[in-house]
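The values are calculated or read from the model by the stated rules, or taken from the named source; none is laboratory data. Source: prediction; values computed, not measured. FYI the Cβ positions are ideal-geometry reconstructions off the backbone, even for glycines, and counts take in every protein chain you see. Calculation scope for accessible area: heavy atoms of the full protein, side chains included, ligands and nucleic acids excluded. Shrake-Rupley method; radii C 1.70, N 1.55, O 1.52, S 1.80 Å.
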Amino acid sequence: KINFKSQAGFDQLPHKLDVMNLRQFAEWAREANLARTTAKESHMFANPETLGKGADWQDALFRTGLRQEYNLSVRGGGKGVNYSLSGGYFSQDGIAINNGFQRMSMRGSFDVKAYKGLDLGATFNLTQSDRNTGMASWDVVPNALSDTPNNAVKNPDGSWAKSGFNGDTDTWQPNPVALAELTTRKNKISSVRANVYFTLKPWSWLNWKNEATYDVNTDNYRYMLPEYQLGENGATREYATHQTSKTYNLYWSLKSVATGNWKYKKFHKISVMVGAEVNNRFRDYLYGQRLGGSNTSMALSSGDASRDDNAGYTTTKRFSSFFSRVTYNYKDRYMFTGTLRRDGSSLFERGRR
């Protein structure tokens, strides 16, 4: 059976907040100024009727984003064999500027009845995602919503404007839309997960299952903010910032469980289970930062080597268990269960694990 599915759509704000345009804001500011005990002299809003709509910070920050998804799957089998394979692609631009997500995935499973009393199987899952969250900082959204329409997003020559809370006061903020566009923040995450097993049933009363799991993922993070000048006498950054971090996670486990079931005469049922499991978790983290250097390249090496900072660590955790359970059932009415297990962890010192 082959199945293909695709869909596409658009994401956008359900509605915009109802805020004043420049003319309405100028009239309000003029009235507020006249109501003061001591009016503050200002020529900025002297003639509100001559003004247009001014800056729309919501239009500058939000957009209509394309979303698309494609999935293909193949399933089938025959005598003693079943298989499934599927792959997918998902992409979403997001409704905010400099923001998006992509994911590619593939998964599969196989089940085989190799011989009488022997079952084999395997599953795997591969995923890679790319996430861009350049605007997910600096309080971009609340700052843009609080900015006033008399502050331009860009200057007439196309450069970024200074921005601010109110051009008639001394309180101001860096241009939030400019910071969202200038910031680059990307995550590339890759993961592989696989599981294999085999089950033996040499006799009707015995089931012995063994499985192994392998899971590894890497997270590569890159950040870059170039030097900038936001308008005349506006916010200034005199050097670029380059950051890179890499995280590697590895997990594997082995598990073996044998279960026996017996029935004695008519009313007595006994079940015995014994098993063992061991797993290992490994994590490796590395971080580096350089200031200065290139304003266009995201590579850590493009920063100034004399202004660097770095950190990192490696951890390993191991865990092992032996466990058993005995169950006695009489007439499906009375049951006795006993369990016994022993666990060990590498987090404790040798000899006391």
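Could you sort the peptides 94-100, 152-158 by per-residue average Cβ neighbour count (10 Å cutoff), highest mean leading?
94-100, 152-158
Quick one: helix 22-34 against the long Cα principal axis of the chain, what's the angle to the nearest 10°, folded into 0 to 90?
60
What distance in nm lies between label points placed 7 Å from Cα along the C-beta direction at Asn280 and Lys263?
4.4
With an 8 Å cut-off on Cα pairs and a minimum separation of 6 or more residues, tell me the relative contact order of the chain in percent.
After rounding, I find 10 percent.
Quick one: which of Lys188/Lys209; Lys79/Lys265; Lys246/Lys317 span more than 30 angstrom between C-alpha atoms?
Violating the 30 Å Cα-Cα cut-off are Lys188/Lys209; Lys79/Lys265.
Once the Cβ-Cβ distance between Ser346 and Val112 is put in as r, and R0 is 35 Å, what FRET efficiency do you end up with, to the nearest 0.05?
With a Förster radius of 35 Å, E is 0.45.
First measure r as the distance between the Cβ atoms of Tyr214 and Tyr287, then evaluate 1/(1 + (r/R0)^6) with R0 = 30 Å and state the FRET efficiency to the nearest 0.05.
0.70
Place a point 7 Å from Cα of Ser84 in the direction of its Cβ. Which residues in region 1-37 have their backbone N less than 18 Å from it?
So the set is 1-5.
Run the dipole for the chain about the Cα centre, Lys and Arg Cβ at +1, Asp and Glu Cβ at -1, nothing else charged, and hand back the magnitude in debye, nearest 20.
Its charge dipole is roughly 3760 debye.
May I ask for the net charge around Ala194, where only other residues with Cβ less than 13 Å from the Cβ of Ala194 are counted and Lys, Arg are +1 while Asp, Glu are -1?
In short, 0.
Can you match volume of the Cα convex hull per residue in Å³ to one of these, (i) 152; (ii) 179; (iii) 287, based on a calculation from the structure here?
After the calculation, the listed value that fits is (iii).
Compute the length gained on full extension between Ser190 and Asp130: take 0.36 nm times their separation in residues and subtract their Cα-Cα distance, giving the result in nm to one decimal.
Extra length available between Ser190 and Asp130 comes to 20.7 nm.
Computing the accessible area with a 1.4 Å probe over protein heavy atoms, can you report the carbon and sulfur percentage for region 1-146?
54
Hey, can you find the accessible area per residue of region 207-282 for me, probe 1.4 Å, expressed in square angstrom? Kindly include the intermediate steps, with their values, before the conclusion.
Details: 4260 Å² over 76 residues.
I get 56 Å² per residue for region 207-282.
Ignoring ligands, DNA and RNA, please state the percent of accessible area on region 169-297 from carbon and sulfur, probe 1.4 Å.
55
If you project the alpha carbons of region 43-152 onto the principal axes, what extent comes out on each, in Å, largest first?
The principal-axis extents, from largest down, are 93, 22, 14 Å.
Quick check for you: which residues of region 92-136 have the amide N under 20 Å from the point 7 Å beyond the Cα of Met298 toward its beta carbon?
Only 92-105, 127-136 fall inside the zone, counting backbone N under 20 Å.
When Lys and Arg each count +1 and Asp and Glu each count -1, what net charge do the other residues less than 13 Å away from Asn217, Cβ to Cβ, add up to?
So the surrounding residues net to +2.
Residues of region 262-280 with backbone nitrogen within less than 17 Å of a virtual label 7 Å along the Cα-to-Cβ line of Lys331, please, listed as ranges.
Those under the cut-off are 264-270.
To the nearest 0.05, what FRET efficiency results for Phe323 and Ala46 with a Förster distance of 56 Å applied to their C-beta separation?
Calculated value: 0.10.
Over what distance in Å are the Cα centres of region 285-334 and region 168-218 separated?
Centre-to-centre (Cα) distance: 11 Å.
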